[in-house]
Amino acid sequence: MIASRAIRFVKEEEPEISIQQLEAQAERAIVIGEPIVAFDLLISRDNEQLSAKCWQLLGQALANCGSPLRARDILEEQYLNTPTPELCASLARINKDLWKVTRDAGKRQQFLARSHGLYVEAAEKFDRAGIDHESSYSWINAASTAVFMARRDLAEKYAEKARSLCKALLDSETTRSTHWIEATLGEAMIILGDTHQAQ
């Protein structure tokens, strides 16, 4: 008779990576369409160890996995503790996602107004920090949400801010890809009514 033996599973100790490496790996996972991998990476650390960037990525991973309400709750709490422009912009995006999928008209308007206000706030923060690429994206989102709020005055005001930033970025010497800058500029021109330039 063969004696039964208990099988013991031993978790291998993995070398702990730095927070910067964790951020890079999680961001890469999200970019290539693997938000669950990003989520698993980020929750492998204690909450106290996570940076504001990690929390931002965790919210993005949850949203991309189809849990925008959970993502919003996490980002709202973290933004109160650490009001970075990146967390602000991510929270704005989550509220815009919720506006798109919510059927209740009253809640939809709340999510849209919250998204718009946060995009303006994020853009102003990026402006103060001199981060023009992120500022232009936030201003164009502030403009587009203003369009959906039927606030043409605000939409044109913020689209003009985005247009000016994009033109300056395109005129400056940079090694960055201009793809998203040009896309943002095109959207700004549409809102400003210049479809020829947008095209």
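On alpha carbon coordinates alone, what is the Rg over Rh value for region 51-199, Rh being the Kirkwood radius?
Rounded to two decimals, Rg/Rh equals 0.98.
How big is region 117-199 by Rg and Dmax over its Cα atoms, in Å?
Every Cα atom of region 117-199 included, Rg and Dmax give 12.0, 38 Å.
List the lysines whose alpha-carbon lies under 18 Å from that of K125, not counting same-chain residues fewer than 8 positions away?
Partners within reach: K53, K157, K161.
Angle, helix 52-64 long axis vs. longest principal axis of the chain, Cα atoms, 0 to 90°, nearest 10?
90
In the Gaussian network model of the chain, springs joining C-alpha atoms below 10 Å, which of N47, N95, N64 carries the largest mean-square fluctuation?
N47
Show me, for region 98-105, the HN-Hα J-couplings you get by feeding each phi into the Karplus relation (A = 6.51, B = -1.76, C = 1.60, θ = phi - 60°), rounded to Hz, glycine and proline as x.
5, 4, 5, 9, 7, 8, 5, 4
Enter the accessible area per residue of the chain (Å², integer; probe 1.4 Å; all protein chains in place).
Per residue, the chain has an accessible area of 62 Å².
Could you identify which residue out of C65, C54, C166 has the top mean-square fluctuation in a GNM of the chain using Cα springs shorter than 10 Å?
C65
Per residue of the chain, what 222 nm ellipticity follows from adding -39500 (n - 2.57) for every DSSP H run with n ≥ 4, rounded to the nearest 500?
About -23500 deg cm²/dmol.
Kindly sort E77, E187, E48 by accessible area of their heavy atoms, largest first, with the probe set to 1.4 Å.
E48, E77, E187
Grab the eigenvalues of the alpha-carbon gyration tensor for region 44-98, scale each by 5, take roots, and send me the semi-axes largest first in whole angstrom.
17, 13, 8
The values are calculated or read from the model by the stated rules, or taken from the named source; none is laboratory data. All of these numbers come straight from a predicted model, not from anything done at the bench. SASA here: full protein model, heavy atoms, side chains in, ligands and nucleic acids out. Shrake-Rupley method; radii C 1.70, N 1.55, O 1.52, S 1.80 Å.
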